[in-house]
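Asker: Below are the structure tokens for one structure; questions will follow.
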Amino acid sequence: MKRLCILTLVLVLSACGPENGSNTAIVSDSAGVQIVDNTEYLWPDGQGWRLSEQPLLDIGVLEGEPAYQLFEVVDSRRLSDGRIAIANSGSSEIRFFDADGKYLYSAGRKGGGPGEFESMLSMKLMQGDSLLVFDWRNQRASLLDADGNLTRATQFRFLGAMGGFPMIVAPFEDSSLLLGVRSFFGTGDIKSGLSRDEVVFVRADAEGELLDTLAVLPGGEMNVRTEGGGVMLGDRPFGRWPSHDVYRDGFYYGSRDRYEIDHYSLDGRLLRSIRRAIPNMKVSAADIENYKRDHIEDAEDENQRQLAVRLLEGVEFPEEFPAYGEIIVDDVRNIWVAVYRKPDDEQPRWTVFDSNGQLLGVVWMPERFNVHQIGSNFVLGRWQDELDIEHVRLFELIKS
């Protein structure tokens with residue numbers, strides 16, 4: 001009997017950690033919500049996961065065949081047979097390449113009809129290698145099969161009554177869709193100053209009908225300026241913007257106010273809160289001056305420069321930077337959280353938590369690389385060279 005009790009205890013501890021059974025997180029319960037507090041990395045210094053030094057695949061050229069000239073790539077996905085699908089918003093196309101990077105064919109074109117796109121925002125991979133492409137201007141999600149053929153176009157008619165537009169449209173395992181609808185001002189009066197909107201997370205069926213409201217959570221911070229009967233909106237410099245991603249039967253959300261990421265179920269129940277006890281970085285006077293200078297210098301003409309100056313007048317800068325950046329859940333449910341980078345930090349880094357919320361360590365990414373998809377053994381995303389030429393690159397994810 002004593003031996004059985006010891007064995008049971010070991011299994012419980014192993015279930016809380018990664019494959020080796022180690023556990024550096026403190027797990028507790030609060031009113032049925034699991035709280036995972038992390039204080040240190042599981043990976044020893046100098047060890048852990050890393051990307052291959054050279055990409056396994058590179059798609060993109062400065063000069064050459066038009067199909068390889070990429071412009072405004074918003075997303076890319078690797079299919080189960082190794083093909084790469086690229087959402088090239090600049091041409092309103094989904095371009096397909098084989099596993100060696102050779103161009104195959106394209107789907108879509110610019111327009112408002114079926115199978116056409118005006119402004120692609122995202123592309124998500126669904127079962128059977130089908131692709132869900134969200135076009136925010138048409139307020140429509142198009143489902144393409146593995147060969148790029150349109151099989152369904154879903155219009156979300158309920159959005160008009162909600163008074164907002166989606167920041168995320170992503171599929172659950174049962175083919176219903178999560179929409180994170182950004183609501184700017186609600187029913188209150190619009191006043192100058194700092195404002196923070198809300199994100200209403202709803203679930204819709206495959207036909208675009210509203211099924212349920214899952215949660216109403218903090219959205220993004222904006223600076224509002226009312227002038228001459230008009231309203232000028234600008235993102236708050238170094239402001240908080242929510243991060244979120246879907247994984248099969250639920251979704252992950254973080255407000256970025258503090259280092260906390262919440263896991264919600266398919267019906268909107270809060271299941272788990274993943275936390276780190278680390279302070280946010282402070283915003284310095286030099287950070288503020290550099291921000292102002294860069295935004296004024298980036299203006300394309302005098303009118304834009306004057307507008308930038310006016311928008312920066314009276315702007316309320318935060319005392320701290322956001323706690324972290326984007327959230328991506330990989331194909332095997334590890335949670336990747338981008339390290340927030342100050343304006344002078346060119347090195348992308350991602351903090352990795354396992355599927356139970358335990359902190360593993362940090363993976364360094366190439367400079368000027370934006371992650372789109374993370375598999376069990378690869379990372380796919382957009383990379384820009386020194387001339388700002390866009391490439392889609394596939395790296396091996398080495399787990400040592």
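The values are calculated or read from the model by the stated rules, or taken from the named source; none is laboratory data. Computed from a predicted model, the values in this text were never measured in an experiment. Heads up, the Cβs are rebuilt from the backbone with ideal geometry, glycines too, and the neighbour counts pull from every protein chain shown. Please note that ligands, DNA and RNA were not included when accessible areas were found on the heavy atoms of the full protein model with its side chains. Shrake-Rupley method; radii C 1.70, N 1.55, O 1.52, S 1.80 Å.
Asker: For segment 371-389, give me the residue count where each residue is surrounded by fewer than 20 Cβ atoms within 10 Å (Cβ to Cβ) and either outside any strand (DSSP E or B) or charged (D, E, K, R) (or both).
Answerer: Matching residues across segment 371-389 total 8.
Asker: Determine, yes or no, whether I274 is aliphatic (A, V, I, L, M), in contact with a Gly (Cβ under 6 Å, 6 or more places away or on another chain) and either assigned to a helix (DSSP H, G or I) or in contact (Cβ under 8 Å) with a residue 60 or more places away in the chain (or both). Before the answer, list the steps.
Answerer: On the way: aliphatic (A, V, I, L, M): yes; in contact with a Gly (Cβ under 6 Å, 6 or more places away or on another chain): yes; either assigned to a helix (DSSP H, G or I) or in contact (Cβ under 8 Å) with a residue 60 or more places away in the chain (or both): yes.
Against the criterion (aliphatic (A, V, I, L, M), in contact with a Gly (Cβ under 6 Å, 6 or more places away or on another chain) and either assigned to a helix (DSSP H, G or I) or in contact (Cβ under 8 Å) with a residue 60 or more places away in the chain (or both)), I274 qualifies.
Asker: Considering only residues that are open to solvent by 10 Å² or more (accessible area, probe 1.4 Å) and in contact with a Ser or Thr (Cβ under 6 Å, 6 or more places away or on another chain), which ones fall in segment 390-400?
Answerer: Result: E396, single match.
Asker: Which pairs do you get when a residue that is under 23 Å from D245 (Cβ atoms), found in segment 126-155, comes within reach of a residue that is part of a helix (DSSP H, G or I) and among the charged types (D, E, K, R), reach meaning Cβ atoms under 9 angstrom, with the pair 6+ apart or on two chains?
Answerer: That search, which allows pairs on different chains as well, returns A146/D129.
Asker: Would you please name the residue that is most open to solvent (accessible area, probe 1.4 Å), looking only at residues in segment 50-82 that are touching a Leu at 6+ places or on another chain (Cβ under 9 Å) and of a type in the set (D, E)?
Answerer: D58
Asker: Of the numbered conditions (1) open to solvent by less than 40 Å² (accessible area, probe 1.4 Å); (2) out of contact with any strand residue (DSSP E or B) (no Cβ under 8 Å at 6 or more places or on another chain); (3) at positive phi, G113 fails exactly one; give the number of that condition.
Answerer: (3)
Asker: May I ask you to list the residues in segment 69-90 that are assigned to a strand (DSSP E or B) and out of contact with any His (no Cβ under 6 Å at 6 or more places or on another chain)?
Answerer: Answer for segment 69-90, where residues must be assigned to a strand (DSSP E or B) and out of contact with any His (no Cβ under 6 Å at 6 or more places or on another chain): L70, V73, V74, R77, R78, I84, A85, I86, A87, N88.
Asker: Here is a further query. Quick check on G239: is it surrounded by 14 or more Cβ atoms within 10 Å (Cβ to Cβ), of a type in the set (G, A, S) and farther than 16 Å from I168 by Cα?
Answerer: Answer is yes for this residue.
Asker: Of all residues in segment 242-267, how many are over 14 Å from the mean Cα position of the chain (by Cα), closer than 26 Å to L177 by Cα and crowded, with 19+ Cβ neighbours inside 10 Å?
Answerer: Initially, segment 242-267 is screened for residues over 14 Å from the mean Cα position of the chain (by Cα), giving 248-250, 257-260, 262-267.
Within this subset, residues satisfying the condition of being closer than 26 Å to L177 by Cα are 248-250, 260, 262-267.
The next check asks that each one be crowded, with 19+ Cβ neighbours inside 10 Å; those that pass are 250, 262-264.
Matching residues across segment 242-267 total 4.
Asker: Moving on. Check segment 45-68 and report whether any residue there is part of a loop (DSSP other than H, G, I, E, B), closer than 21 Å to M365 by Cα and in contact with a His (Cβ under 7 Å, 6 or more places away or on another chain).
Answerer: Yes: one or more hits.
Asker: Within segment 301-356, which strands (runs of 3 or more DSSP E) (wholly inside it) include 1 or more residues that are touching a Leu at 6+ places or on another chain (Cβ under 9 Å)? Let's see the steps before the verdict.
Answerer: Numbers: elements: 327-329, 335-338, 349-353.
In segment 301-356, 349-353 are the strands (runs of 3 or more DSSP E) which contain 1 or more residues that are touching a Leu at 6+ places or on another chain (Cβ under 9 Å).
Asker: Keeping to segment 361-370, report how many residues are open to solvent by 10 Å² or more (accessible area, probe 1.4 Å) and either hydroxyl-bearing (S, T, Y) or in a strand (DSSP E or B) (or both).
Answerer: Count: 3.
Asker: Please state which one of S119, S130, S183 is surrounded by 15 or more Cβ atoms within 10 Å (Cβ to Cβ) and under 30 Å from V231 (Cβ atoms).
Answerer: When all the criteria are applied, what remains is S183.
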